[in-house]
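Written below as structure tokens is the structure these notes are about.
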Amino acid sequence: MSGLPERAAQEIETIVSSEGLELVHIEYRKQGHGFLLRIDIDKEGGVTVEDCELVSHQVSAFLDVDDVVPAAYELQVSSPGLDRKFYKLSDYQKFIGRLVRVRTSKAVRGLHVIVGRLKEFNGETIVVTDPVMKKDPDYVVPLADIKETRLEVEI
């Protein structure tokens, strides 16, 4: 969120939660001659186009009236997608049992990418189980070594 005023981020959080939605992530970055303000929202069962429209209108009205964003920007409100990226520690607890793809900075048993079921989370490490591995299917991954975790699309 580099450059987005804290007051704007707090108000966006308030708007999203007041509609019964979860604020997954705010991205504010340089794009072309202006900036991109992308807001990812979610809810149980998934977000609808109407949810995105509602949040977009409310955030846009707030930003236009209070003029807290110092430059021209494009506002995008969307769902985090089926291959949702993890941004918060609470995501690990929330998605226990789901199929994930974990990219690491240090190899775990020779791998930098581990795909499997998120089995455990204790605040410092996660355990990902790869059912293909008959012997020793659990990979223990320290949070400090994780570059990125995403849900895998299950068909």
Most positive-pole-ward Cα, Val132, Thr104, Leu37, against dipole of the chain from beta carbon charges: Val132
Principal axes first, then extents: for the Cα atoms of the chain, list largest minus smallest coordinate on each axis, whole Å, largest first. 60, 30, 26
Helix 49-66 against the longest principal axis of the chain: what's the angle in degrees, Cα atoms only, rounded to the nearest 10? 50
Provide, for q = 0.18, 0.19 Å⁻¹, the log10 of I(q)/I(0) from a solvent-free Debye sum over equal Cα point scatterers in the range 15-102. -0.86, -0.93
Give, as a single signed number, the net charge of other residues whose beta carbon lies under 13 Å from the beta carbon of His112, with Lys and Arg counted +1 and Asp and Glu -1. +3
Relative to the longest principal Cα axis of the chain, at what angle does helix 6-18 sit, 0 to 90 degrees, rounded to 10? 80
For Asp136, put the label point 7 Å out on the Cα→Cβ axis and report which residues of the range 76-118 keep their amide N under 14 Å from it. 108-111
Would you mind computing Rg(Cα) / (2.2 N^0.38 Å) for the range 89-151, counting N as its residues? 0.98
Just going by the charge dipole of the range 1-60, with Lys and Arg at +1 and Asp and Glu at -1 on Cβ, which of Ala9, Leu21, Val49 is farthest out on the positive end? Ala9
Any GluC sites (Glu not before Pro) in the range 61-128 that lie in a DSSP loop and have at most 14 other Cβ atoms within 10 Å would be Glu124
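Laboratory data are not the source of any read-out in this text; all were calculated from the coordinates shown. Remember, predicted model here, so these are calculated numbers, not experimental data. We place every Cβ from the backbone using ideal geometry, glycine too, and count neighbours over all the protein chains shown.
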